[in-house]
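Asks: The structure that follows is given in the form of structure tokens.
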Amino acid sequence: MREYILRRLLVLPLIMLGVSFLTFLMFRLIPGDVVDINCGFQCDEETRAAIREQYGLNKPLLTQYWDWLAGIPAGDLGSSFRGHLPVTTELERRMPITIQLMIMTMALSAGLGIPLGMLSAVRQGSVWDGVARFTSILWLSVPAFYSGTLIIVFGALWLNWTPPQFESGYVSPLDDPITNMQEFLLPALILAFGSAGVIIRVTRSSMLEVMRNDYIRTAWSKGLRERSVIWRHALKNALIPVVTLLGLEAGGLLGGAVIIESIFGLNGVGVYTVQSVISRELLVVQALALIFAVIYVLINLVVDILYAWLDPRIRYA
């Protein structure tokens, strides 16, 4: 296992290099650049050329990429063209918001989806099974942006209520845990419903498959209590596909919670990414793609480690 983890970490720089280079090339395929976005029709060619020279956009593509790449070991991920703010400064302000939203969403997804999926499988064909299956379909059917917008609109119109984020901005959990929970609990819960709906279905099908195995029948024949059979023997093996799903959901939430962040005024990395793409902030997009690749690879590594913990028979060569 140690050798496997070491190999995965050694491959990480190559993945980072490949992702950043592909992002650089694909972004260059789009017509226009940040000068065209900022100037529009107001600047003449001489002004455009001067701005491109100021930002280094007149250099060869590989030279631009190398200049940006050379600053990474020193912690320099570049700066935005418009505000001249370093990317690291923006990430220090925005990354805690997205990370906390992602962690809370995954915790709520697992906390809601796994128990309901287990209940649906253990009580197959009962009223509880029907309720759990209906709940999963309901949560999957309602988009997060729709329910989030309804809560904001109806809360403001009927209850004269707005999320704390609209009034005070981001509050760290270390400074004021109560206000922080008020800011993040509702958007995290809305995001978690969709993931929890999938987790219910996957947990149910996985549990039903595991419960038909011979070792579960042996456990029942020994006279073990239901709690022991379900929690000690069946659940760990049934969680392997669920862990895979959670890993995929965690990676997607890094940049996929843009709409919820916008609805609830959470200025996280997702909103920052969209703003940077629209403004054609090449260096910012490259840096964000690099960071997303690192986090995604590390999440997959954690998932692989959890596989081995859930099923000791799994060995990585």
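The values are calculated or read from the model by the stated rules, or taken from the named source; none is laboratory data. Note that the coordinates shown come from a computational prediction; the quantities given were computed from them, not determined experimentally. Neighbour counts are summed over all protein chains in view; Cβ atoms, including those assigned to glycine, are modelled from backbone coordinates with ideal geometry.
Asks: Please enumerate the residues belonging to the stretch 182-209 that are out of contact with any Phe, Trp or Tyr (no Cβ under 8 Å at 6 or more places or on another chain) and at pLDDT below 85.
Replies: Residue satisfying the conditions is Gln182 alone.
Asks: Considering each of Leu288, Leu253 in turn, give the residue that is within 20 Å of Leu108 (Cα to Cα), part of a helix (DSSP H, G or I) and either in contact with a Leu (Cβ under 8 Å, 6 or more places away or on another chain) or of a type outside the set (Lys, Arg) (or both).
Replies: On the way: Leu288 fails: within 20 Å of Leu108 (Cα to Cα).
Exactly one of Leu288, Leu253 is within 20 Å of Leu108 (Cα to Cα), part of a helix (DSSP H, G or I) and either in contact with a Leu (Cβ under 8 Å, 6 or more places away or on another chain) or of a type outside the set (Lys, Arg) (or both), namely Leu253.
Asks: Pull out all pairs, ordered by first then second residue, where Cβ-Cβ is under 9 Å, the residues are six or more apart or on different chains, the first lies in the stretch 161-185 and is surrounded by 12 or more Cβ atoms within 10 Å (Cβ to Cβ) and of a type in the set (Phe, Trp, Tyr), and the second is in a helix (DSSP H, G or I) and modelled with pLDDT under 75.
Replies: Once the first residue is surrounded by 12 or more Cβ atoms within 10 Å (Cβ to Cβ) and of a type in the set (Phe, Trp, Tyr) and sits in the stretch 161-185, its partners that are in a helix (DSSP H, G or I) and modelled with pLDDT under 75 give Phe184/Gln165.
Asks: Moving to a separate point now. Among the residues of the stretch 59-85, what is the count of those that are over 17 Å from Leu25 (Cβ atoms) and buried (at least 18 other Cβ atoms within 10 Å of the Cβ)? Can you show your working first?
Replies: The initial filter retains those residues of the stretch 59-85 that are over 17 Å from Leu25 (Cβ atoms), namely 70-77, 79-85.
With buried (at least 18 other Cβ atoms within 10 Å of the Cβ) added as a condition, the list becomes 77, 79-81.
Final tally of qualifying residues: 4.
Asks: Restricting attention to the stretch 31-54, report how many residues are at pLDDT below 70 and either among the aromatic types (Phe, Trp, Tyr) or surrounded by fewer than 11 Cβ atoms within 10 Å (Cβ to Cβ) (or both).
Replies: Selection size over the stretch 31-54: 5.
Asks: Additional query: Could you please find all residues in the stretch 72-108 being basic (Lys, Arg) and within 23 Å of Leu57 (Cβ to Cβ)?
Replies: Going through the stretch 72-108, the residues basic (Lys, Arg) turn out to be 82, 93-94.
The one that is basic (Lys, Arg) and within 23 Å of Leu57 (Cβ to Cβ): Arg82.
Asks: Look at Glu167 and say whether it is modelled with pLDDT of 80 or more, out of contact with any His (no Cβ under 9 Å at 6 or more places or on another chain), charged (D, E, K, R) and under 30 Å from Leu288 (Cβ atoms).
Replies: On the way: modelled with pLDDT of 80 or more: no; out of contact with any His (no Cβ under 9 Å at 6 or more places or on another chain): yes; charged (D, E, K, R): yes; under 30 Å from Leu288 (Cβ atoms): yes.
For Glu167, the condition - modelled with pLDDT of 80 or more, out of contact with any His (no Cβ under 9 Å at 6 or more places or on another chain), charged (D, E, K, R) and under 30 Å from Leu288 (Cβ atoms) - is not met.
Asks: Find the helices (runs of 4 or more DSSP H) located wholly in the stretch 73-186 whose residues include 2 or more that are within 23 Å of the chain's Cα centre (by Cα) and β-branched (Val, Ile, Thr), and list them.
Replies: Working: elements: 87-122, 127-141, 144-158, 165-168.
The helices (runs of 4 or more DSSP H) meeting that bar are 87-122, 144-158.
Asks: Still on this structure, please answer the following. Does Leu101 satisfy being touching a Pro at 6+ places or on another chain (Cβ under 8 Å) and farther than 30 Å from Arg227 by Cβ?
Replies: Numbers: touching a Pro at 6+ places or on another chain (Cβ under 8 Å): yes; farther than 30 Å from Arg227 by Cβ: yes.
It is true that Leu101 is touching a Pro at 6+ places or on another chain (Cβ under 8 Å) and farther than 30 Å from Arg227 by Cβ.
Asks: Let me ask you something else. Do you know which residues across the stretch 202-213 are charged (D, E, K, R) and assigned to a helix (DSSP H, G or I)?
Replies: Looking only at the stretch 202-213, we keep the residues that are charged (D, E, K, R), and these are 204, 209, 212.
Selection gives Arg204, Glu209.
Asks: Is it the case that Ile216 is hydrophobic (A, V, I, L, M, F, W, C), assigned to a helix (DSSP H, G or I), surrounded by 15 or more Cβ atoms within 10 Å (Cβ to Cβ) and touching a residue at least 24 places away in the same chain (Cβ under 8 Å)?
Replies: Details: hydrophobic (A, V, I, L, M, F, W, C): yes; assigned to a helix (DSSP H, G or I): yes; surrounded by 15 or more Cβ atoms within 10 Å (Cβ to Cβ): yes; touching a residue at least 24 places away in the same chain (Cβ under 8 Å): no.
In short, no.
Asks: Exactly one condition in (1) under 22 Å from Leu119 (Cα atoms); (2) of a type outside the set (S, T, N, Q); (3) part of a helix (DSSP H, G or I) is false for Gly247; which is it?
Replies: For Gly247, the exception is condition (1).
Asks: Another one. Scan the stretch 255-280 for residues that are among the aliphatic types (A, V, I, L, M), touching a residue at least 40 places away in the same chain (Cβ under 8 Å) and under 13 Å from Ala188 (Cα atoms) and jot them down.
Replies: Answer for the stretch 255-280, where residues must be among the aliphatic types (A, V, I, L, M), touching a residue at least 40 places away in the same chain (Cβ under 8 Å) and under 13 Å from Ala188 (Cα atoms): Ala257, Ile259, Ile260, Ile263, Leu266.
Asks: Right, next: Could you tell me how many of the residues in the stretch 68-111 are modelled with pLDDT of 85 or more and more than 25 Å from Pro173 (Cα to Cα)?
Replies: 0
Asks: Could you check, for the stretch 256-277, whether at least one of its residues is among the aromatic types (Phe, Trp, Tyr) and over 26 Å from Thr23 (Cα atoms)? Spell out how you get there, then give the answer.
Replies: Pass one, the stretch 256-277, residues among the aromatic types (Phe, Trp, Tyr): 264, 272.
Next, from what is left, pick out any that are over 26 Å from Thr23 (Cα atoms): 264.
Checking the stretch 256-277: at least one residue is among the aromatic types (Phe, Trp, Tyr) and over 26 Å from Thr23 (Cα atoms).
Asks: Now, a different point. Let me spell it out: the conditions are (1) basic (Lys, Arg); (2) under 30 Å from Ser172 (Cβ atoms); (3) at pLDDT below 75; (4) part of a helix (DSSP H, G or I), and Arg28 meets all of them except one. Which number is the exception?
Replies: Of the numbered conditions (1) basic (Lys, Arg); (2) under 30 Å from Ser172 (Cβ atoms); (3) at pLDDT below 75; (4) part of a helix (DSSP H, G or I), the odd one out for Arg28 is (2).
Asks: Against the definition (over 15 Å from the mean Cα position of the chain (by Cα), under 27 Å from Gly125 (Cα atoms) and not in a helix (DSSP H, G or I)), how does Gly223 come out, yes or no? It would help to see each step written out before you state the result.
Replies: Numbers: over 15 Å from the mean Cα position of the chain (by Cα): yes; under 27 Å from Gly125 (Cα atoms): yes; not in a helix (DSSP H, G or I): yes.
Spelling it out, Gly223 is indeed over 15 Å from the mean Cα position of the chain (by Cα), under 27 Å from Gly125 (Cα atoms) and not in a helix (DSSP H, G or I).
Asks: Let me ask another. Of the residues Val297, Val302, only one is under 14 Å from the mean Cα position of the chain (by Cα) and among the β-branched types (Val, Ile, Thr); which? It would help to see each step written out before you state the result.
Replies: Values: Val302 fails: under 14 Å from the mean Cα position of the chain (by Cα).
Going through Val297, Val302 in turn, the sole match is Val297.
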